């Protein structure tokens, strides 16, 4: 007798003898047919088992086995009608543990198809639906009976193709699919749909034949929406605030919301935000905004804006009752900042309340970033304004030179640093050129730089020699270091002790340049023939170190020469800190530049070539194209300490002024020279040198061998003298005195027409 699905079977006649024995019975009890057939069936019962146990129609019993170990089986007796009226029975037996497992499998399968919390579908090899425990999808417009149908019969073609591809892959390869999410829409409603999570495995018979595929599915639409919203919120939080630019934050926000929350977004920002001001609605509560950022595909219902992309924004429009768009206000501590609006295709369905809540949360975080950018813009404007107030104009023209400068701070975000330059007009048509560097960046370094620049200008007004000026500046910096409080150091106030400075004075009458350096690289000279060299300046210690003297270097320069002052950021930027190599590169750039043309353009080109995007220090370059005062614009006389020489000087000066066409200044000049020469003869002795210089002003100079500086005082009505310098101050634009190597020089200036200068 053949075996049926592993079930052992025996045929018993009416006398209780075994007359038939299957191969499955042989395998189960380890007894072959010869050992069993013809013998009473009760002999198969194990010791202690009642002989009448087999008379019951079904049950469990313990049987003998060929191995000697009894086996618990579940049996069933099926009566058979034999020939000649003989009674026979078919006894089926299965191991008891196998029966229990099959009962569990049956109960599990039955209950699985009866429950409605988890979807279950069985598909045949052709992917037709064989059986399901409930409707395959949570839609109301599906047919009642889905058995025998394919997915294409009731799903959108694209969705059906995606689902069948998964099921077909499982059937073909046998690889199960775990937790794959698919968008599923019914055939009759393309605007609806749900997100289903599918798990599938292949069904095989005992002989290995593929009989289908089973799919477990569940509606995870809300979970998917929650995860999507959480992901959008996370990405929005990470994106916005990474820039201090108002427009940059708006663009980052738009880039997150598409496609995170829609397929089209507009970000409108109040005009005042871009200038750093607080946006204030008008009397009607409206706010002028600029469409700052958009993303996604333009829609036909986009609101048109003016040619500048601006509109007047009233109360925020849009809500969940107005699909498929909504909007949320951008509002921060300072008040309203604008609005963000998102749209999506009607196929996606209307926005939910949760979507609006998400947009409002993102808008709130973006508003904080925008307000920070607004505040930064305001502070940046203040910082740039401070810096501009601390530095001279980028281009200047004085009798001695035409200058142009380039300044590139390393802190491009704030635009301020500690480098500075200056062009200071001095007496007698001379000019002082200065470049300096304060360690550090930002507002504090810029403020320290301003203090040093002011000090240099104050000392320059005293007409000091370059080395002497640096001595006084060094003393000032040392005092600033001592006065600096611990609180200032904790706040990051720049330490002026790390400052450097180079100070050069050019005399266009004599064609002489004097320079001294406090830890600063030497100026470069570009001669009219294109030859480049550096002033032989021996740099002293940085300012504030003290203890060592400063040395001045002197060099004769021709008109048309270009003097270049710079900071170390220009020669260290792209050379790994190699100053020598940087100075060689600067010399090459100066030699190749067109310094006879636009001086500012030449300076920008040199900085662009030498400075790098990763510069670690500020870069400053000051170019000065030198001029000279023509010999015919200068006259000088040397006289002895004799009062009678005063009249001689007056007459000679009058002739010179008439020759220059300055007859209107003769009277004033005679009075000024009379007072200055008389004082020199009376108090200093001789010899006395008198010089007139015609440049942008008329300068009267009187030099004597005395080192005593004059001072102006008001004479009383009863005084017979003491009004000389007071009279000079009243008749001229300005006056002053300076020490020289042989004594002192008192000078006075009168305004006149532009001078005749040469290159």
Margin query: Anything in segment 202-224 that is at pLDDT 90 or above and surrounded by 16 or more Cβ atoms within 10 Å (Cβ to Cβ)? List them, or say none.
Written below: 202, 203, 212, 213, 214, 215
Next item on the list: Among what's in segment 333-346 and is buried (at least 19 other Cβ atoms within 10 Å of the Cβ) and out of contact with any helix residue (DSSP H, G or I) (no Cβ under 6 Å at 6 or more places or on another chain), pick the residue that is modelled with the lowest pLDDT.
Entry: 344
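What do you reckon, is residue 330 surrounded by 14 or more Cβ atoms within 10 Å (Cβ to Cβ), more than 26 Å from residue 278 (Cβ to Cβ) and either out of contact with any strand residue (DSSP E or B) (no Cβ under 9 Å at 6 or more places or on another chain) or at pLDDT 90 or above (or both)? Working first, answer last.
Numbers: surrounded by 14 or more Cβ atoms within 10 Å (Cβ to Cβ): yes; more than 26 Å from residue 278 (Cβ to Cβ): no; either out of contact with any strand residue (DSSP E or B) (no Cβ under 9 Å at 6 or more places or on another chain) or at pLDDT 90 or above (or both): yes.
Considered against the rule, which asks whether it is surrounded by 14 or more Cβ atoms within 10 Å (Cβ to Cβ), more than 26 Å from residue 278 (Cβ to Cβ) and either out of contact with any strand residue (DSSP E or B) (no Cβ under 9 Å at 6 or more places or on another chain) or at pLDDT 90 or above (or both), residue 330 comes out as no.
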Next item on the list: Provide a single number: the residues in segment 573-582 that are surrounded by fewer than 21 Cβ atoms within 10 Å (Cβ to Cβ) and under 17 Å from residue 534 (Cβ atoms).
Entry: 5
Next item on the list: Could you please find all residues in segment 165-176 being more than 17 Å from residue 208 (Cα to Cα), touching a strand residue (DSSP E or B) at 6+ places or on another chain (Cβ under 9 Å) and surrounded by fewer than 19 Cβ atoms within 10 Å (Cβ to Cβ)?
Entry: 166, 168, 169
Check: Hey, among the residues in segment 14-54 that are under 16 Å from residue 66 (Cα atoms) and in contact (Cβ under 8 Å) with a residue 40 or more places away in the chain, which one's farthest from the chain's Cα centre (by Cα)?
Finding: 41
Checklist line | Subset of segment 225-247 (residues that are at pLDDT 90 or above and touching a strand residue (DSSP E or B) at 6+ places or on another chain (Cβ under 9 Å)) | finding: 246, 247
Next item on the list: Determine whether residue 543 is touching a strand residue (DSSP E or B) at 6+ places or on another chain (Cβ under 7 Å), surrounded by 21 or more Cβ atoms within 10 Å (Cβ to Cβ) and over 24 Å from residue 397 (Cα atoms).
Entry: yes
Item checked: Selected residue (criterion: farthest from residue 580 (Cα to Cα)) from residues of segment 501-523 that are in a loop (DSSP other than H, G, I, E, B) and touching a residue at least 60 places away in the same chain (Cβ under 8 Å) -> 509
Margin query: Can you find a residue that is in contact with a strand residue (DSSP E or B) (Cβ under 7 Å, 6 or more places away or on another chain), surrounded by fewer than 17 Cβ atoms within 10 Å (Cβ to Cβ) and in a strand (DSSP E or B) anywhere in segment 596-617?
Written below: no
Check: Can you name every residue in segment 653-681 that is free of Cβ contacts under 8 Å to residues at least 24 places away in the same chain and assigned to a helix (DSSP H, G or I)?
Finding: 654, 655, 658, 659, 663, 664, 666, 667, 670
Item checked: Candidates 530, 492, 484 - the one that is modelled with pLDDT under 90, surrounded by fewer than 16 Cβ atoms within 10 Å (Cβ to Cβ) and farther than 25 Å from residue 734 by Cβ -> 492
Check: Among the numbered criteria (1) more than 21 Å from the chain's Cα centre (by Cα); (2) modelled with pLDDT of 90 or more; (3) under 27 Å from residue 351 (Cα atoms), which single criterion is violated by residue 272?
Finding: (3)
Checklist line | Candidates 106, 72 - the one that is at pLDDT 80 or above and in contact with a strand residue (DSSP E or B) (Cβ under 6 Å, 6 or more places away or on another chain) | finding: 72
Next item on the list: Could you grab me the full set of residues in segment 630-652 that are assigned to a loop (DSSP other than H, G, I, E, B) and under 60 Å from the mean Cα position of the chain (by Cα)?
Entry: 630
Next item on the list: Run down 383, 373, 364 and say which single residue is under 23 Å from the mean Cα position of the chain (by Cα), surrounded by fewer than 17 Cβ atoms within 10 Å (Cβ to Cβ) and either part of a helix (DSSP H, G or I) or at pLDDT below 85 (or both).
Entry: 364
Margin query: When you check residue 447 against the structure, is it in contact (Cβ under 8 Å) with a residue 60 or more places away in the chain and surrounded by fewer than 21 Cβ atoms within 10 Å (Cβ to Cβ), yes or no?
Written below: yes
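The values are calculated or read from the model by the stated rules, or taken from the named source; none is laboratory data. Since this is a predicted model, take the numbers as computed values, not measurements. When we count neighbours, we look across all protein chains shown, and the Cβ atoms used for this are built from the backbone with ideal geometry, even at glycine.
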